[in-house]
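Student: Let me give you the structure first, and then I'll get to my questions.
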Amino acid sequence: MRAFQLVGWRQPPELREVPAPEPGPGQVLVKVAGAGACHSDLHIMQAPEPLPGFTAPPFTLGHENAGWVERLGPGVTGFEPGDAVIVYGSWGCGICTNCRQGQENYCQNLGGQGPGLGGGHDGGMAEYLLVPAARYLIPLGALDPRQAAPLSDAGLTSYHAVKRSLHLLGPGSTAVVIGAGGLGQMTIQILRALSAATTVVAVDTDAGKLETAKRMGADEALLSGDEAVTCIMDMTRKQGAQLVLDMVGIDPTLRMAAQVARSLGHLTIVGLGGGALPVDFSSPPHECSVASPYWGSLTELMEVITLAQQERINVLVEHFPLHRANEAYQLLHDGRIQGRAVITP
Ligand code: NAD
Ligand code: ZN
């Protein structure tokens, strides 16, 4: 089968011919319908050295996958060939405390953060994806897997990041989303679907992304920079926002995040841009909690799928066939994907 693989650190990925996997006991083979191209893959491709927890290349990229059950390995029950499924991607050991609590994204035997598929294991940018256990599959029902694939990361990561701060988002509150790309657009919709926040502010460097953000439920859309800081502080009577989500994570966005967060608020860093948050005694503001959540849990993914089935969130998707995967990543790198690029083998 064809697979889009990272062949070496800091080398461009290649479309290669590899053997199609066979499902062993407990495993499931999924025919891939769509695999989302995430900005994290660009970070992986540009990593100067082997990433902790990752296997050495070659491995197939793609950690945002959905498709149809192709074949069940011996002993697997609960699914039938042809079922439309989304694949939970943060595969843990299953037996450490965090995994047993349903937080496989913080598997202790993978150093508290498992790269999961598309990093430690072959991902979904291929015709077939081998899934180690049926529990990682969630039925999609009537949702189209080509459309739903990004819900497994862009959707799930955003959902987890918002849900942990919902108690701060009462009526009258403000949430700021810095970076309205693949994840940011999901975050805005999830804030709207779950929270009572009165004002959702999107911040981006790209005017097109800001327009999309407004269509997805943002009340205010601001160009990134000092004026955005002034505007948010005015909007919140100089208090700052209860929740600031930085979906970029570079020095300028982290500085902005610290400037617009409020005392007792949450500053949540989702973007892996490699920047540093400036910290001193009063910045971020007093008792503002900083967190850097990674992905989300299986049950949270089930909740995300329910929201999508209820049409309360949806993904703006652009499809690319497998042989155009490199082009999709180039467009993502250049900021020219409006929502999420999904590779369709
Ligand atoms: P994306 O490229 O689709 O979106 C990034 C957005 O940020 C774009 O709209 C871009 O215009 C905007 N942006 C760039 N510089 C900016 C600035 N200075 N100010 C404001 N906006 C700016 O990327 P994505 O796929 O949404 O991923 C976003 C980040 O989240 C990436 O760093 C990715 O690696 C990370 N990520 C983290 C997790 C996690 O578990 N923590 C999971 C998935 C992705
Ligand atoms: Zn991702």
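Student: Could you grab me the full set of residues in segment 61-94 that are touching a Cys at 6+ places or on another chain (Cβ under 6 Å) and more than 16 Å from ligand 1 (Cβ to nearest atom)?
Tutor: Of everything in segment 61-94, just one residue is touching a Cys at 6+ places or on another chain (Cβ under 6 Å) and more than 16 Å from ligand 1 (Cβ to nearest atom), namely CYS93.
Student: Just to verify a result, which residue in segment 16-60, among those that are of a type in the set (D, E, K, R) and under 24 Å from ASP83 (Cβ atoms), is farthest from ligand 1 (Cβ to nearest atom)?
Tutor: Filtering segment 16-60 for residues of a type in the set (D, E, K, R) gives 16-17, 22, 31, 41, 49.
Keeping just the survivors that are under 24 Å from ASP83 (Cβ atoms) gives 22, 31.
On the way: GLU22: 30, LYS31: 24 Å.
Out of the qualifying residues, it is GLU22.
Student: Also: Return yes or no: is LEU222 free of Cβ contacts under 8 Å to residues at least 24 places away in the same chain and either closer than 30 Å to HIS63 by Cα or in a loop (DSSP other than H, G, I, E, B) (or both)?
Tutor: When the stated conditions are applied, LEU222 does not pass them.
Student: May I pose another question? State which residue pairs qualify: first residue within 11 Å of GLY34 (Cα to Cα) and inside segment 326-345, second residue within 10 Å of ligand 1 (Cβ to nearest atom) and among the aromatic types (Phe, Trp, Tyr) in any location, beta carbons under 7 Å apart, and separation of 6 or more residues or different chains.
Tutor: Cβ pairs passing all conditions: none.
Student: Can you tell me which residue in segment 150-173 is nearest to the chain's Cα centre (by Cα), limited to those that are among the hydrophobic types (A, V, I, L, M, F, W, C) and either buried (at least 24 other Cβ atoms within 10 Å of the Cβ) or farther than 16 Å from LEU245 by Cα (or both)?
Tutor: Initially, segment 150-173 is screened for residues among the hydrophobic types (A, V, I, L, M, F, W, C), giving 151, 154, 156, 161-162, 166, 168-169.
Of the ones still in play, those that are also either buried (at least 24 other Cβ atoms within 10 Å of the Cβ) or farther than 16 Å from LEU245 by Cα (or both) are 151, 154, 156, 161-162.
On the way: LEU151: 8, ALA154: 3, LEU156: 6, ALA161: 10, VAL162: 12 Å.
Once the filter is applied, the top-ranked residue is ALA154.
Student: Name the residue that is modelled with the lowest pLDDT, counting only residues in segment 120-142 that are surrounded by fewer than 23 Cβ atoms within 10 Å (Cβ to Cβ) and part of a loop (DSSP other than H, G, I, E, B).
Tutor: Step by step, filter segment 120-142, then rank; the result is GLY120.
Student: Now, a different point. Quick check on this structure: which one of GLN147, GLN103, GLN108 is away from ligand 2 (no atom under 16 Å from the Cβ), free of Cβ contacts under 8 Å to residues at least 24 places away in the same chain and either under 30 Å from SER195 (Cα atoms) or touching a helix residue (DSSP H, G or I) at 6+ places or on another chain (Cβ under 7 Å) (or both)? I'd like the intermediate steps shown before the answer.
Tutor: Details: GLN147 fails: free of Cβ contacts under 8 Å to residues at least 24 places away in the same chain; GLN103 fails: free of Cβ contacts under 8 Å to residues at least 24 places away in the same chain.
Residue meeting the stated conditions: GLN108.
Student: A further question on this structure: Among the strands (runs of 3 or more DSSP E) contained in segment 269-345, which hold 1 or more residues that are among the acidic types (Asp, Glu)? Break it down into steps so the answer makes sense when it comes.
Tutor: Numbers: elements: 289-291, 317-321, 340-344.
In segment 269-345, the matching strands (runs of 3 or more DSSP E) lie at 317-321.
Student: Taking the criterion of being in the same structural domain as ASP144 (by TED's automatic domain parsing), within 24 Å of LEU151 (Cβ to Cβ), of a type in the set (Val, Ile, Thr) and away from ligand 2 (no atom under 16 Å from the Cβ), would at least one residue in segment 65-72 satisfy it?
Tutor: There is at least one residue in segment 65-72 that is in the same structural domain as ASP144 (by TED's automatic domain parsing), within 24 Å of LEU151 (Cβ to Cβ), of a type in the set (Val, Ile, Thr) and away from ligand 2 (no atom under 16 Å from the Cβ).
Student: Here is a follow-up. Look through segment 48-78, keep the residues that are surrounded by 19 or more Cβ atoms within 10 Å (Cβ to Cβ) and of a type in the set (Gly, Ala, Ser), and return whichever of them is farthest from ALA308 (Cα to Cα).
Tutor: Top of the filtered list is GLY62.
Student: Given the conditions (1) touching a helix residue (DSSP H, G or I) at 6+ places or on another chain (Cβ under 6 Å); (2) more than 16 Å from ligand 2 (Cβ to nearest atom), and given that LYS238 satisfies all but one, which numbered condition is not satisfied?
Tutor: Condition not satisfied by LYS238: (1).
Student: Just to verify a result, which residue in segment 33-64, among those that are within 16 Å of ligand 2 (Cβ to nearest atom) and assigned to a strand (DSSP E or B), is modelled with the lowest pLDDT? Spell out how you get there, then give the answer.
Tutor: Just the residues of segment 33-64 that are within 16 Å of ligand 2 (Cβ to nearest atom), to begin with: 34-47, 51, 53-54, 59-64.
In the following step, the residues that additionally are assigned to a strand (DSSP E or B) were identified as 34-37, 59-60.
On the way: GLY34: 98, ALA35: 98, GLY36: 98, ALA37: 98, PHE59: 91, THR60: 95.
Residue satisfying both the conditions and the ranking: PHE59.
Student: List the pairs whose first member sits in segment 175-194 and is under 18 Å from GLY36 (Cα atoms), whose second member is among the aromatic types (Phe, Trp, Tyr), and whose Cβ atoms are under 8 Å apart, counting only residues at least 6 apart or on separate chains?
Tutor: Correct list of pairs: MET186/TYR159.
The values are calculated or read from the model by the stated rules, or taken from the named source; none is laboratory data. Since the model is a prediction, treat every value here as computed from it, not as a measurement. Glycine gets a Cβ as well: all are built from the backbone with ideal geometry, and neighbour counts include every protein chain shown.
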